[in-house]
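Before any comments, here is the structure.
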Amino acid sequence: MDKLFQTRLKKHLLMLMKYWKLVFNDHFIIALFFMFGALAYGYSQALNQIKAPVWWGKPVILVILLLVIQLGRLATMIEKPDPVFLLPQTKQINRYLQHAKNYSLLMAVLITLAGVGVLSPFMAVGGGMKTTTIILVAMTAVLTKAMWMNWKLLSLYDRKWQLSSSVVISKWLAPVLLYVVSLYVSSVLALVLSIIGLGCSICLVVKAQGIQVLDWRTAVVDEANRMQKNYRFFNLFTDVPLVQGTVHRRRYLDWLIKLLGDQKSTYGYLFSRGLIRGADISGLIVRLTVVGMLIVFFIPQGWLNVVIFALFIYLVSVQLVSLYSQFDNSVFVYIYPVTNIEKQIQFKKIVTKVLSIVTLCLLISSLTENPDWIMMGIKLILGLVEIGLISTVYLKSRIQSKA
Amino acid sequence: MTLKVENIVGGYSQVPVLKDVSFSVNDGELVGLIGLNGAGKSTTINHIIGLLSPFKGRIAINGVSITDDSEKYKSQIAYIPETPILYDELTLKEHLELTITAYGLDKEKAWEKANHLLEIFRLDNKLEWFPANFSKGMKQKVMITCAFMTEAKLFIIDEPFYGLDPIAVHDLLMEIENVKNNGAAVLMSTHVLDTAEKYCDKFVLLANGQVKANGTLDELRALNDGKDQTLDDIYLSLAKDTDNG
């Protein structure tokens, strides 16, 4: 079992490394760096503004700590065939899971410490906390995370812990209590309480491992979900073959399907449905558009704003490229008596429509109390020219490079 | 003469899987394509439906080959794959609508046929479901419905019987009979030899990418000089010959 865990961990890390390498190669990450840089700069500027502890300081700290503790999940690395092949080893798997928990906890503790580290200047200024208090809060946060991880492990043995009520209590309510005590009552008391809590959780896990067997089905599903989330993250930057988005009917969007695709054409029919019902591309486009709208709204109207406006239209169009080949692995698109030319025409149509909607959204978010109509005009023209260029020159070259 | 396969040499890479395959399927005929695993059945079918292009030889449906006019060629084919292939994003109803759109069918007539088939297959109450979540047999029924609602001249059916319940097998054979009577040609690959023996008009026996025998059951028997042999016997003896040869 020890060996099994080692090989699994190695495989897992190699996989992560492979994808991280791809992520850092992508031009998109450069944009992200700029955004992080801007955020860090904004944070330091904002800290300078705060002179004395503010009333909303502690509530904000509480919320951020709560969100940070939800990061870093239990990575069991259990695979789908395991329930069949490891079934005779069901008792020994406890050892394997112990390793898995230790590894996950290490990662989670690093994340928690990083979160508290980033937050500590604000804790000192906005929360008016002393250095010793901050260290005590950080220790409480780490212990709470360890407890959090034990609850998760426990849920793989005991179905009681899978109920949503117990998930809310163990993952949200218990940390809230500990943090409230830590921030408002006494950080020493909170540390003591979290030690007691951790002790209880360890006892419960040991007890459950003694009498109950691993709930294989849940373990497999949980791990698959976790990996799926990882893959989806990587899929933002590069093509991950293992990402299979789930399909939703989304009946309330049927009007949009009709609007986007020519329903009398085979490919119009397919593209519009693939786009709206699949989670990946449409989700990404919606998120990008919302982020773009926020940035365009908050950045003062000017040339930088225009550049970002154009950049987001381009970013959305990049996401649309994969729609073109989404149906290529179905033999039927080859058997239907339809031509490739029709496919290209319909793809161009749907891309133009989607980009027009995105451009319209970005334009709306550019409206301020006193709109600069000349700037708006420039943006409108720029947007139209960009859509024209993307739907003809850019996409054609992308499609050809794929074929 | 609906489907004419002439001297096809072809395969997936440089190495040919099919070595000089020729046969034909006439209007109103059900031809069984018989062969062991790896004999070249699916490869032959992939060439006919246009997924692979042959190195040599010509395949024509009613005189049109895929290089002459690919749209006209493809509009004459309906295909039922060995494993059901469905769109994750489309409901059952939308699969049928897509088939109507792709083949440019008359809506009313096509729906009439489709409703009839859906009723037979007890799928008529599942129109709004995503068939990607159906069981294997039900998916196969969706594929059958999509294929038989077209007005294709040639039906290509790859291993249709796996996963179908006995009633569905019977219903499928009835449908095949139906389109045959309307003048369509059917090419069906299968391992289920006793069913093939009962229902097929002619057989093409493939082994090692070559046509070993071709004709009606009586013609095959004559070739193998045995009077009361079943298709099973003929096939086994032919397969043995090939092994030894």
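Things to note:
- Those residues of region B:7-35 which are over 16 Å from the mean Cα position of the chain (by Cα) and either under 23 Å from B:Leu217 (Cβ atoms) or not assigned by TED's automatic domain parsing to the domain that holds B:Lys72 (or both), in sequence order: B:Val21, B:Ser22
- Matching residues, region B:108-125, being within 17 Å of A:Lys264 (Cα to Cα) and either open to solvent by less than 20 Å² (accessible area, probe 1.4 Å) or within 11 Å of chain A (Cβ to nearest Cβ) (or both): B:Ala110
- Selection count where residues are within 14 Å of the chain's Cα centre (by Cα) and not acidic (Asp, Glu), scope region B:146-168: 12
- Only residues that are of a type in the set (A, V, I, L, M, F, W, C), open to solvent by less than 50 Å² (accessible area, probe 1.4 Å) and more than 7 Å from chain B (Cβ to nearest Cβ) were counted in region A:329-344, giving 1.
- When restricted to residues that are touching a strand residue (DSSP E or B) at 6+ places or on another chain (Cβ under 6 Å) and of a type in the set (Gly, Ala, Ser), region B:51-105 contains 4.
- Restricting the search to helices (runs of 4 or more DSSP H) fully inside region A:140-237 and requiring at least 3 residues that are of a type in the set (Val, Ile, Thr) and open to solvent by 60 Å² or more (accessible area, probe 1.4 Å) gives A:187-211.
- Within region B:88-108, being free of Cβ contacts under 8 Å to residues at least 12 places away in the same chain and basic (Lys, Arg) holds for one residue alone: B:Lys107.
- Out of A:Lys353, A:Lys343, sole residue that is of a type in the set (Lys, Arg) and under 30 Å from B:Ser65 (Cα atoms): A:Lys343
- Verdict on A:Leu355 being surrounded by 14 or more Cβ atoms within 10 Å (Cβ to Cβ) and assigned by TED's automatic domain parsing to the domain that holds A:Ile295: yes
- Residue count, region A:292-328 (criterion: without any contact (Cβ under 8 Å) to a residue 40 or more places away in the chain and within 14 Å of chain B (Cβ to nearest Cβ)): 1
- Qualifying residue in region A:121-139 (condition: free of Cβ contacts under 8 Å to residues at least 12 places away in the same chain, of a type in the set (A, V, I, L, M), open to solvent by 30 Å² or more (accessible area, probe 1.4 Å) and part of a helix (DSSP H, G or I)): yes
Results for (1) within 14 Å of chain A (Cβ to nearest Cβ); (2) open to solvent by 50 Å² or more (accessible area, probe 1.4 Å); (3) part of a helix (DSSP H, G or I), shown as yes or no for each residue.
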| site | (1), (2), (3) |
| --- | --- |
| B:Val15 | no, yes, no |
| B:Val31 | no, no, no |
| B:Ile34 | no, no, no |
| B:Ala39 | no, no, no |
| B:Tyr87 | yes, no, no |
| B:Lys93 | yes, yes, yes |
| B:Glu97 | yes, yes, yes |
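- In region A:83-103, the residues that are more than 30 Å from A:Val176 (Cβ to Cβ) and surrounded by 21 or more Cβ atoms within 10 Å (Cβ to Cβ): A:Ile93, A:Tyr96
- Residue that is farthest from A:Val351 (Cα to Cα), among those in region A:255-291 that are within 11 Å of chain B (Cβ to nearest Cβ) and open to solvent by 40 Å² or more (accessible area, probe 1.4 Å): A:Lys264
- Single residue of B:Ala78, B:Ala60 found to be of a type in the set (Gly, Ala, Ser), farther than 22 Å from A:Arg273 by Cα and either at pLDDT below 90 or out of contact with any Lys or Arg (no Cβ under 7 Å at 6 or more places or on another chain) (or both): B:Ala78
- The helices (runs of 4 or more DSSP H) found entirely in region A:1-99 that carry 3 or more residues being at pLDDT 85 or above and closer than 29 Å to A:Met147 by Cα are A:2-25, A:57-69.
- Close contacts from region B:48-73, counting a first residue that is more than 11 Å from chain A (Cβ to nearest Cβ) and farther than 12 Å from B:Leu3 by Cβ and a second that is assigned to a loop (DSSP other than H, G, I, E, B) and not hydrophobic (A, V, I, L, M, F, W, C), with Cβ to Cβ under 8 Å and a gap of 6+ residues or different chains, come to B:Phe55/B:Gly11; B:Phe55/B:Pro16.
- Taking region A:334-363 as the range and being within 19 Å of A:Leu304 (Cα to Cα) and free of Cβ contacts under 8 Å to residues at least 12 places away in the same chain as the test, only A:Leu360 passes.
- Restricting attention to region B:74-85, the residues that are closer than 16 Å to B:Phe130 by Cβ and more than 8 Å from every other protein chain (Cβ to nearest Cβ) total 1.
The values are calculated or read from the model by the stated rules, or taken from the named source; none is laboratory data. Only a predicted model underlies this, so the values are computations on that prediction, with no experimental measurement involved. Glycine also receives a Cβ, built like all others from the backbone with ideal geometry; neighbour counts cover every protein chain displayed. Heavy atoms of the whole protein, side chains included, go into the accessibility calculation; ligands, DNA and RNA do not. Shrake-Rupley method; radii C 1.70, N 1.55, O 1.52, S 1.80 Å.
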